[in-house]
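Let me begin by presenting the structure, written as structure tokens, before commenting on it.
The values are calculated or read from the model by the stated rules, or taken from the named source; none is laboratory data. Quantities reported herein were computed from a predicted structural model and do not represent experimental measurements. For neighbour counting, all protein chains shown are included, and Cβ atoms are generated from backbone atoms with ideal geometry for every residue, glycine included. Heavy atoms of the whole protein, side chains included, go into the accessibility calculation; ligands, DNA and RNA do not. Shrake-Rupley method; radii C 1.70, N 1.55, O 1.52, S 1.80 Å.
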Amino acid sequence: MKLSGRFFLIDGSSFCYRAFYAIKNLSTSKGQPTNAVYGVISMLRKLIMEEQPEYLAVAFDLPKPTFRHIRYEGYKEHRRPMPEALVSQMPLIKEFFKVFKIPVFELEGYEADDVLGTLARRTSAEGIDVFLVTGDKDLLQLLSPKIKVYRPTQDGHEVVDEETLNKKWGLKPGQVVEVMALMGDDTDAIPGVPGIGEKTAVELIRKFGSVREMMDRFQEIPGEARRSAIEKYKDQMNLSRELAALDTEVPLELDFQSLRRREPDGEALYRLFQTLEFKALMKEFAPRSARKTLSVKAVSSEKEFRTLFPEILRAGRFALVIAKGEGHPMRAEVTAIGLSWAEGAACSLPADFPPRALRDLLSDPKLLKICPSLKETLVLLSRRGESISAPWNDPQLSSYLLDPARPSHEIPALAQEFLEETIDEEDPLQAAALEAEAALRLAPTLEREIADKEMVVLLNEVEIPLAEILARIETAGIAVDLKELEFLSKEMEGTLNGLIEEIRALAGGEAFNINSPKQLSQVLFERLKLPVIKKTKTGASTDEEVLKRLSLMHPLPAKILEYRETHKLRSTYVEALPKLVDPLTGRIHTSLNQTVTATGRLSSSNPNLQNIPIRTEAGRRIRRAFVSSGQGNLLLAADYSQIELRIMAHLSEDERLVKAFLEGEDIHKVTAAEMFHLKPEEISADQRAAAKTINFGIIYGMTPFGLAKELGISPPQAEEFIQSYFGRYPKVKVYLQKSLEESRQKGYCTTIFNRRRYIPELHSKDPVIRQFAERTAINAPIQGSAADLIKVAMVVLDRIMRKMGLRSVMILQVHDELIFDVPNEELEKMKGLVREAMESPTLSGKTVKLSVPIEVKLKTGRSWFEA
């Protein structure tokens, strides 16, 4: 019995390369590239959605030689090896096809094209319409009434059939091999006949039909030179035909029913997407796990709500989830409130439920409040004029400490991982209650793990109190001078217009679109004849690295970089900040994210106030717009001095490094003096800057190549600088090697305060991923310890400021810097308090001491720029 339907047969290599180059800079938090995997998934799902094929399969090449390599040693010798970043993704891509239940065909000794050809011929013979999904011209030789080529394009796809081939080239499918015999194939290093290109090859095969017929009618070949070349290289031509012809008799075991499209393995897909950190896909494919029936009580009145109090008080704890819409908690609307006090017991409250009804529960010091996203909960409650008293627990903070690289710390993701349950309720009231009940059950499980890993102090005395501090910082916001921003915007507009004129003049007087990489490429490499430094799939690169190198040869690239920087600052900050000012408070309320970075640092978003450049004049001008709350107030900025280097001195116990800090020496000058064999007083600003780069580069695991690139020197010279550094500070090298080895053995590294960061990629076979992991293992304990130190100081300072009833407010943290809005009359008192708390912070009643002094620089001013 004949079969029917459409069979989409995918050329795996072509598919993967297209995906790899289509998407840039996508990787997991652990450094595993995922751009090709994501591209393949997206392309496949689009193909299925648009075409609804009845049959699906994919074919891959294997890395081992094929019969063509045996026949001709030079076969594919010029082909570049697959990029390492793609090599590392191939197992993941094949795993995806496996769990998506799409058969994968590959066979030693044969190429994917041969496998595709065999599958196409055998299935089409059974009556199935075959579509070969590929951009490879070789497969056009397979075209038949039942076989077509489905070629992805920029705008979608095109289907090539026998008629298309005939219209475009005037050829029959069988003649494709004849053309390749003459013209060869540069990609596969098929030699062909030198001097004969595609146009001539097509012309000859149209005339003769095949190379064999052409040789039989040799004298009819037009042109003496052409005949001479063909005669000379006829053996090479015949070999090329042999190499180009597909073998459609590959010994494959084939069950036609196995090719039918099937439903994917949803749970396996979810686990794979979890590994790859594809959050949207995780949500879509979250398994519909069985869960016990949960009766959610919808409460609408205070009287009804109070009937639940005896049960909640007996339980001694409750979980609270306040759901909100999109945006910052200071602006977003509350959509629902969920409450749970025992397994299987939960209620939902409408968004407008009166806060006073909750007040007795929220303020009871005997009740443990389990609040997922505690910081956000505190902000949302403060907007309603309410607060929530300790003790608190936040499962998301526990999750973050246990594994900061976990794809998501949200309750639905944690419920899936720890409870094997799915929360996918669309009704916000029901969802809030379900999340609260799951959080209640998650809390003790996570608490036990926190205790097992000795992070109770870090959670209860640092992260949880910090959530309350961050909530107050976000609620307070920071004042902005809108007139200063308006003035700066106009000034930058003038600067940009001036730069456009300068760029036009340097480009030869002709106008072009500076923001167009294509037009810029034409100006740089065609009009100005500058050398092409780097190529992309679409042509010569004009990225920042390329422009920096070209700036040494011509003034135009430097002006382009200046234009880009000014344009970015104006659009990202100067133009955007006024729109982010809260109309009710007149301030900007950034989000300080507690569970994002893998190092323990806080991150900032909406807007990102940690990314405003301080080294450029324009960046400093933007900081001028952030001001104190009034004429009677100043901003006080407290910045740790070289804290990461001090922590490295403490951890390495290197006598010379420790001594330099104990004696208050300029560490960069001291290092420069050693590097350049000079006295410290003889060191120039440039030499000090180079030493500074090395000092901090060592912390970040910088390689000689990276240092050479940073300093504009040769790799051997950079290697000499690094060895000179380790010669002066030998115990630093010992510490870094020991730290790396311990991380390899344990699978994680720790900070001074016992914060963990898991680094499984230290054992990766991919050198790119492994080297990234090694740099992480070197840097994470140092950067993480610095992050912990400032968090401890924030907790100490907040406690003292509230105890003393001060009106000063902590309004921002930017890595190693704290910023306060201080009334003039409290300024001197605050300076003393801040210095003491940051230089001698206490944790669990003990002062945190390093083997070197901790130094804080204090500055004040009306604006952040001045401070």
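Taking segment 226-241 as the range and being more than 15 Å from G184 (Cβ to Cβ) and open to solvent by 80 Å² or more (accessible area, probe 1.4 Å) as the test, only E231 passes.
The residue list R688, R621 contains one member that is in contact with a helix residue (DSSP H, G or I) (Cβ under 9 Å, 6 or more places away or on another chain) and either closer than 25 Å to N779 by Cβ or open to solvent by 50 Å² or more (accessible area, probe 1.4 Å) (or both), which is R688.
Quick one: count up the residues across segment 633-664 that are loosely packed, with under 14 Cβ neighbours inside 10 Å and either on the phi < 0 side of the Ramachandran plot or among the acidic types (D, E) (or both). Even if it seems obvious, please write down each step before you answer.
Initial filter on segment 633-664 (loosely packed, with under 14 Cβ neighbours inside 10 Å): 653, 655, 659, 662-664.
Applying the additional criterion that residues be either on the phi < 0 side of the Ramachandran plot or among the acidic types (D, E) (or both) yields 653, 655, 659, 662-663.
Summing the residues that are loosely packed, with under 14 Cβ neighbours inside 10 Å and either on the phi < 0 side of the Ramachandran plot or among the acidic types (D, E) (or both) in segment 633-664 gives 5.
The single condition among (1) part of a helix (DSSP H, G or I); (2) farther than 24 Å from L380 by Cβ; (3) touching an Asp or Glu at 6+ places or on another chain (Cβ under 9 Å) that E435 does not meet is (2).
Of all residues in segment 481-515, which are open to solvent by 20 Å² or more (accessible area, probe 1.4 Å) and farther than 24 Å from L530 by Cα?
Quick first cut of segment 481-515, residues open to solvent by 20 Å² or more (accessible area, probe 1.4 Å) only: 481-484, 486-487, 490-491, 493-495, 497-498, 500-502, 504-506, 508-513, 515.
D481, L482, K483, E484, E486, F487, K490, E491, E493, G494, T495, N497, listed by residue number.
Only one entry of T475, T445 meets the criterion of being closer than 25 Å to L272 by Cβ, open to solvent by 10 Å² or more (accessible area, probe 1.4 Å) and among the hydroxyl-bearing types (S, T, Y), and that entry is T445. Among residues of segment 828-853 that are without any contact (Cβ under 8 Å) to a residue 40 or more places away in the chain, those with a Cβ under 6 angstrom from a residue that is of a type outside the set (D, E) and open to solvent by less than 30 Å² (accessible area, probe 1.4 Å), sequence gap 6+ or separate chain, pair up as E839/I854; E839/V856.
Each row is one residue, and each column tells you yes or no for (1) part of a loop (DSSP other than H, G, I, E, B); (2) under 23 Å from L609 (Cβ atoms).
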residue: F753; (1), (2): yes, no
residue: K765; (1), (2): yes, no
residue: F772; (1), (2): no, no
residue: G784; (1), (2): no, yes
residue: M794; (1), (2): no, yes
residue: R799; (1), (2): no, no
residue: R802; (1), (2): no, no
residue: Q813; (1), (2): no, yes
residue: I819; (1), (2): no, yes
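I'd like to know if segment 509-523 contains one or more residues that are assigned to a helix (DSSP H, G or I), small (G, A, S) and modelled with pLDDT under 90. Looking for residues that are assigned to a helix (DSSP H, G or I), small (G, A, S) and modelled with pLDDT under 90, one finds at least one in segment 509-523, hence yes.
Contact map, segment 418-437: first residue open to solvent by 40 Å² or more (accessible area, probe 1.4 Å), second residue β-branched (V, I, T), Cβ cut-off under 8 Å, separation 6 or more or different chains; pairs are F418/T445; P428/T335; L429/V296; Q430/V296; E435/V321; E435/I411; E435/I423. Take I147 and decide whether it is touching a residue at least 40 places away in the same chain (Cβ under 8 Å) and among the hydrophobic types (A, V, I, L, M, F, W, C). So I147 does not fit the description; no.
Results for (1) in a helix (DSSP H, G or I); (2) open to solvent by less than 30 Å² (accessible area, probe 1.4 Å); (3) farther than 26 Å from P264 by Cβ, shown as yes or no for each residue.
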residue: E95; (1), (2), (3): yes, no, no
residue: D113; (1), (2), (3): yes, yes, yes
residue: L119; (1), (2), (3): yes, yes, no
residue: V130; (1), (2), (3): no, yes, no
residue: L140; (1), (2), (3): yes, yes, yes
residue: Y150; (1), (2), (3): no, yes, no
residue: P173; (1), (2), (3): no, yes, yes
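Can you tell me which of A786, A777, A773 is surrounded by 15 or more Cβ atoms within 10 Å (Cβ to Cβ) and within 22 Å of H668 (Cα to Cα)? If you could, list the steps in order and put the result at the bottom.
Details: A777 fails: within 22 Å of H668 (Cα to Cα); A773 fails: within 22 Å of H668 (Cα to Cα).
One residue alone meets the criteria, A786.
Every listed requirement among (1) crowded, with 16+ Cβ neighbours inside 10 Å; (2) part of a loop (DSSP other than H, G, I, E, B); (3) free of Cβ contacts under 8 Å to residues at least 12 places away in the same chain is met by N460 save one, (2). When segment 701-754 is filtered for residues that are on the phi > 0 side of the Ramachandran plot and at pLDDT 90 or above, the ones remaining, listed by number, are G747, N754.
Quick check on my filter: what residues within segment 351-403 are among the small types (G, A, S) and open to solvent by less than 20 Å² (accessible area, probe 1.4 Å)? Selection gives A357, S398, S399. Inspect segment 200-221 for any residue being among the aliphatic types (A, V, I, L, M) and open to solvent by 60 Å² or more (accessible area, probe 1.4 Å) and give the result as yes or no. No, the conditions are met nowhere in segment 200-221.
Can you list the strands (runs of 3 or more DSSP E) found entirely within segment 540-653 that contain at least 3 residues being under 30 Å from L401 (Cβ atoms) and small (G, A, S)?
Working: elements: 591-593, 603-605, 633-640.
Result: 603-605.
Filtering segment 88-121 to residues that are under 13 Å from A59 (Cβ atoms) and among the hydroxyl-bearing types (S, T, Y) leaves Y110, T118.
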